[in-house]
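Derivation of every value follows stated rules applied to the coordinates shown; laboratory data play no part. Only a predicted model underlies this, so the values are computations on that prediction, with no experimental measurement involved. Don't worry about glycine lacking a Cβ; one is built from the backbone with ideal geometry, like all the others, and counts go over all protein chains shown.
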Amino acid sequence: MKAIRFEKTGGPEVLQYVDYDLPAPGPGQIRIKHTAIGVNFIDTYHRSGLYPLPLPSGLGSEAAGEVEALGPGVTGFKIGERVGYCSGAIGAYAEANNVAAEKVVKLPDGVSDEVAAAAMLKGMTAQYLLRRIHPLKAGETIVFHSAAGGVGQIACQWAKHLGATVIGWEKQVREITKGVGVPVVYDSIGKDTFEASLDCLQVRGLMVSFGNSSGPVTPFPLGILATKGSLMVTRPTLASFVRTAKEMQDTADDLFAVIKSGAVKVAIHQRFALKDAAKAQEALAAKKTIGATVLVP
């Protein structure tokens, strides 16, 4: 099969489109034939070495397709069934991948493979941010950075569906909230916005730093949190919220439900052939993409 592989970290130019022998699925694994592959900012972190992977390596952690083969001991799935995954299986930039069964979710009618591949990682991230790490309430006002990005577009629609007001720019916060601030800030930018995000928070507010698109947050003295109103800070990842097969499927089902209802619309603005994965990453890193991007095998 064809796959994207890389032998050293660096820019998009390190990505190679090669023939790769995928072994048969091992115990507890499902082989998934991909029909659509998600492109996410975390993929650039893996490629650059910010989040190190053992090399040589495949790339990507999100795709949708159909069950092609079942490894020993796998139950609850059948050949030809529509499935997807977005966590725990590096190597999605390929025509197929072997994925641990507990990381695989079933796709419902009414959600296409492309939409699932484009939305699972971003949408399940939005789910734990809005529904679990800070259960959003109707009437709340929040700050969500990068509202035009992949996670942001889904999260902002979902937040509005839940009855919240979303602000995408911290300079408006004090005016809109009459000086009080907001209960929670969701910040995927990192270094460039961290301090300003803290200043948006009300007393005992929660800073959710879930990404590093401008670089890692600069170390800071914890006392700052006290002086700004006993603030709280968390640095979560999706993996901590989908530790079991049930958590994985339940999180996905919550996402799929709001997509099927029409409350959240997933806009796929960029499609690249699998062989052009480097071009897709160049566009993503240069902030030339809007909404979701998918690779087509």
Bridge orientation stat for the chain from DSSP, antiparallel percent rounded to 5, came to 60 percent
Extending each Cα 7 Å along its Cβ direction at S214 and A69, get the distance between those two points in nm, one decimal.
-> 4.8 nm
Förster radius 41 Å - calculated FRET efficiency between H161 and I90, Cβ distance, rounded to 0.05 = 0.80
Descending packing, highest mean Cβ count within 10 Å first, for 278-288, 87-97, 234-244 is 87-97, 278-288, 234-244
Nitroxide proxy distance, nm - points 7 Å out along Cα→Cβ at D250 and D21 | 4.3 nm
So for the stretch 78-210, Kirkwood radius off the Cα pairs, Stokes-Einstein at 37 °C and 0.692 mPa s: how many µm² s⁻¹?
-> 201 µm²/s
By how many nm would the segment from K275 to K8 grow when fully extended, if each residue of separation counts as 0.36 nm and the alpha-carbon distance is taken off?
-> 94.3 nm
Cα-based reach from K78 at 22 Å (exclusive), listing lysines while leaving out same-chain residues under 8 positions away | K33, K103, K106, K246
How much length, in nm to one decimal, is gained on full extension between I79 and K171, taken as 0.36 nm per residue of separation minus their Cα-Cα distance?
-> 27.9 nm
Consider a paramagnetic label point 7 Å from the Cα of Y45 along Cα→Cβ; state which residues of the stretch 178-222 have an amide N under 12 Å from it.
-> 188-191, 209-217
Net charge contributed by nearby residues that have their C-beta within less than 14 Å of V39 (K/R +1, D/E -1) = +2
